[in-house]
Amino acid sequence: MKTIDDLDVAGKRVLVRADLNVPLDGTAITDDGRIRASVPTIRTLAERGARVVVTAHLGRPKGEPNSAYSLAPVAARLGELLGRPVAFATDTVGDSARATVASLGDGDVALLENVRFNAAETSKDDEERGLFADALASLADLYVGDGFGAVHRKHASVYDVARKLPHAAGLLIAAELDVLTRLTEKVERPYAVVLGGSKVSDKLGVIDNLLGKADRILIGGGMVFTFLAAQGREVGTSLLEKDQLDTVREYLRRAEENGVEFVLPVDIVAATAFAADADHSVVAADAIPADRMGLDIGPDSGDLFAEKLADARTVFWNGPMGVFEMAPYAGGTRAVAQALVDSDAFTVVGGGDSAAAVRTLGFDENAFGHISTGGGASLEYLEGKTLPGLDALEG
Ligand SMILES: Nc1ncnc2c1ncn2[C@@H]1O[C@H](COP(=O)(O)OP(=O)(O)OP(=O)(O)O)[C@@H](O)[C@H]1O
Ligand SMILES: O=C(O)[C@H](O)COP(=O)(O)O
């Protein structure tokens with residue numbers, strides 16, 4: 001894979017695909033980790049005289065403009081971090097984008113509006129994505145892939161456009177791969193994987209492969225309830241992937257066969273609504289009331305998870321254990337983060353919200369072996385899958 005050192009960027013328009021998918025509270029960025037992680041590549045290219053055109057997504061708008069998902073606040077923060085203004089185009093490939101790119105001088109930086117405001121970005125139709133990638137490519141002379149958190153997506157700005165321009169990997173992708181390859185080669189055992197978060201359908205899929213790799217799989221977050229339901233438990237109004245129940249039963253069966261230990265929570269913080277001020281209490285995992293939703297693992301589960309992580313030599317953690325953004329449901333995530341801090345294992349935390357959780361709960365980033373900007377991306381990388389965004393940068 002070529003790196004930015006292999007490109008002659010001076011005076012050239014360089015399209016950089018970054019992952020700037022940061023958590024927002026209205027228009028306030030609650031954790032700018034992914035923006036900071038993108039700065040080294042953007043700064044280096046600008047210092048080398050490139051005209052840097054950054055493209056990125058924010059959240060999952062449904063293929064059309066939606067001001068709640070605008071990257072405008074991100075452009076402002078990126079400018080602060082770079083210490084230079086960042087021009088913001090109010091569309092991705094339209095008049096504003098073309099005019100903004102045309103106005104750039106050597107060393108200037110622009111950010112294009114959320115690439116997912118265009119339905120073609122995420123289309124399953126190769127031709128549709130290809131046409132959109134042509135439009136993106138027409139804005140630049142060179143392409144740099146640096147959005148590690150999105151490399152598992154076969155999207156136009158991640159995959160197709162790289163094939164249309166001379167390309168290289170950015171510094172963040174290189175740094176992420178440097179660390180994550182350690183988890184695909186010689187893993188020190190016991191190897192524990194902790195899974196949580198809300199992208200349940202995405203992440204249930206990776207368990208299939210983990211069953212052949214990990215010694216212990218701890219389940220928290222929104223994923224818990226599909227497991228509990230698969231065991232015939234009541235899960236109330238919690239997140240549930242009904243069509244995955246058989247798959248999960250199969251995982252539980254195979255785990256037993258392969259000697260992989262599944263650790264499920266024994267208690268749950270169950271609330272009447274998805275709100276910080278909702279009535280909530282700790283209930284046994286097999287006694288969730290039908291009118292309540294599980295928003296965190298309970299304190300006994302936190303202790304159990306800590307115990308199961310204590311003797312691990314390698315730990316990979318993706319996905320908060322609960323809705324940590326609301327104080328009453330942050331305990332489980334805090335307990336797992338503390339267990340990783342206390343452990344002697346090589347610990348990797350992956351994912352936009354997981355990394356944000358660790359920081360916003362006040363943990364020192366240096367207490368972890370590595371904090372990856374990619375959750376789904378790092379999980380799929382650890383599976384040994386070919387990731388579209390990396391594949392496109394090869395050769
Ligand atoms: N029980 C639950 N019910 C609903 N949402 C939950 C629950 N537990 C955790 N969450 C939510 O999961 C979200 C994070 O999930 P996600 O799978 O996106 O993790 P991530 O670390 O950002 O990984 P990625 O980088 O792949 O997105 C948080 O915003 C948190 O509030
Ligand atoms: O948050 C992430 O994991 C990445 O930014 C990718 O976002 P996505 O899951 O919406 O594709």
> Who wins for biggest fluctuation among ILE297, ILE29, ILE173 in a Gaussian network model of the chain, springs between alpha carbons below 10 Å?
Replying inline: ILE29
> Which trypsin sites (Lys or Arg not before Pro) from region 88-164 combine a DSSP loop assignment with at most 13 other Cβ atoms within 10 Å?
Replying inline: LYS124
>> Which of rounded, prolate or oblate describes region 235-344 when judged by the alpha-carbon gyration tensor and an a/c cut-off of 1.5?
In response: oblate
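Under 1.5 on a/c is rounded, so check that first for region 79-176, then, if it is not, pick prolate when a/b is larger than b/c and oblate when it is not; a ≥ b ≥ c are the square roots of the alpha carbon gyration tensor eigenvalues.
Because a/c hits 1.5 or more and a/b fails to exceed b/c, region 79-176 counts as oblate.
For region 285-387, report the accessible area per residue in Å² (1.4 Å probe, heavy atoms, rounded to an integer).
Values: 3520 Å² over 103 residues.
Computed with neighbouring chains in place, this is 34 Å² per residue.
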> Counting alpha carbon pairs within less than 8 Å and at least 6 residues apart, what relative contact order, in whole percent, applies to the chain?
Replying inline: 16
> What net charge do the residues around ASP344 carry, taking every other residue with its C-beta under 13 Å from that of ASP344, with Lys and Arg at +1 and Asp and Glu at -1?
Replying inline: -2
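What FRET efficiency comes out for GLU307 versus ARG36 if R0 is 41 angstrom and r is the Cβ-Cβ distance? Round to the nearest 0.05. Provide the component values of the computation, followed by the final result.
On the way: r = 34 Å, r/R0 = 0.83.
Computed FRET efficiency for GLU307 and ARG36: 0.75.
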>> Can you tell me how region 42-99 classifies by the Cα gyration tensor, rounded, prolate or oblate, using a/c under 1.5 as the rounded cut?
In response: prolate
>> To check my understanding: the extent here is largest minus smallest coordinate of the Cα atoms along each principal axis. What are those three numbers for region 95-241, in Å, largest first?
In response: 59, 39, 27
>> Probe radius 1.4 Å, ligands and nucleic acids ignored: give me the carbon and sulfur share of the accessible area of the chain as a rounded percent.
In response: 46
> Which is farthest toward the positive dipole end of region 49-123 among SER96, VAL52, ALA76, measuring Cα position about the Cα centre, with Cβ charges +1 (Lys, Arg) and -1 (Asp, Glu)?
Replying inline: ALA76
> Against the longest alpha carbon principal axis of the chain, how many degrees, from 0 to 90 and to the nearest 10, is the axis of helix 33-47 turned?
Replying inline: 20
> With N residues in the chain, what two-decimal value do you get for its Cα radius of gyration over 2.2 N^0.38 Å?
Replying inline: 1.00
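Counting other Cβ atoms within 10 Å, which GluC sites (Glu not before Pro) in region 321-395 have at most 12 and lie in a DSSP loop? Numbers along the way, then the final one.
Values: sites: GLU325, GLU365, GLU380, GLU383, GLU394; in loops: GLU325, GLU383, GLU394.
Passing both the DSSP loop test and the Cβ count: GLU394.
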>> Through the Karplus equation 6.51 cos²θ - 1.76 cosθ + 1.60, θ set to phi - 60°, convert the phi angles of region 374-379 into ³J(HN,Hα) values in whole Hz; use x for Gly and Pro.
In response: x, x, x, 5, 5, 4
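Quick one: net charge around ARG253, please, counting Lys, Arg +1 and Asp, Glu -1 for every other residue with C-beta under 15 Å from its C-beta. Could the numbers behind the result be given before it?
On the way: positive: ARG249, ARG254; negative: ASP208, ASP246, GLU250, GLU256, GLU257, GLU261.
The answer is -4.
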> What ranking do 178-187, 200-209 get when scored by the average of other Cβ atoms within 10 Å per residue, highest first?
Replying inline: 200-209, 178-187
>> Taking the 0 to 90 degree range and rounding to the nearest ten, how far is the long axis of helix 200-210 tilted relative to the main principal axis of the chain, both from C-alpha atoms?
In response: 80
> Fully extended, how many nm does the chain gain between ARG60 and SER103 (0.36 nm per residue separation, minus their Cα-Cα distance)?
Replying inline: 12.5 nm
> Hey, which aspartates and glutamates would be in cross-link range of LYS385, C-alpha to C-alpha under 13 Å, not counting anything within fewer than 8 residues on its own chain?
Replying inline: ASP208
> Separation between the THR184 and ARG84 pseudo-spin-labels, each 7 Å from Cα along Cα→Cβ, expressed in nm?
Replying inline: 3.4
> Ranked highest first by the average count of other Cβ atoms within 10 Å around their residues, in what order do 219-232, 136-149 fall?
Replying inline: 136-149, 219-232
> trypsin sites (Lys or Arg not before Pro) within region 1-81: which are DSSP loop residues with at most 11 other Cβ atoms inside 10 Å?
Replying inline: LYS62
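Could you compute the net charge surrounding ASP215? Neighbours are other residues with a C-beta less than 9 Å from the C-beta of ASP215; K and R count +1, D and E count -1.
Working: positive: ARG189, LYS213, ARG216; negative: GLU261.
Here the charged neighbours net out to +2.
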> Quick one: in region 188-273, what % of C-alpha pairs are over 21 Å apart?
Replying inline: 24
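Determine the percent antiparallel among the DSSP beta bridges restricted to the chain, to the nearest 5.
On the way: 11 of 51 bridges.
Percentage antiparallel, nearest 5: 20.
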>> Angle check, please: helix 331-342 long axis (alpha carbons) against the longest principal axis of the chain (alpha carbons), in degrees 0 to 90, nearest 10.
In response: 80
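Can you tell me the dipole magnitude for the chain around its Cα centre, using point charges on the Cβ only (Lys, Arg +1; Asp, Glu -1), in Debye to the nearest 20?
Numbers: 39 positive and 59 negative charges, 143 e Å.
That gives a dipole near 680 debye.
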>> Kirkwood hydrodynamic radius, computed over distinct alpha-carbon pairs, for region 279-348: how many Å, to one decimal?
In response: 12.9
> Build a GNM of the chain with springs between Cα atoms under 10 Å: which of GLY294, GLY362, GLY350 gets the top mean-square fluctuation?
Replying inline: GLY362
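Assuming a viscosity of 1.306 mPa s and a temperature of 10 °C, what translational diffusion coefficient in µm² per second does Stokes-Einstein assign to region 1-121, Rh being the Kirkwood radius over Cα pairs? Mind dumping the intermediate values first?
Working: Rh = 14.4 Å.
Result for D is 110 µm²/s.
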> Can you list the lysines whose alpha carbon is less than 25 Å from that of LYS242, not counting same-chain residues fewer than 8 positions off?
Replying inline: LYS62, LYS124, LYS199, LYS203
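The values are calculated or read from the model by the stated rules, or taken from the named source; none is laboratory data. Computed from a predicted structure; not experimentally measured. In this analysis, Cβ positions are derived from the backbone assuming ideal geometry, glycine residues included, and neighbour counts consider all displayed protein chains. SASA here: full protein model, heavy atoms, side chains in, ligands and nucleic acids out. Shrake-Rupley method; radii C 1.70, N 1.55, O 1.52, S 1.80 Å.
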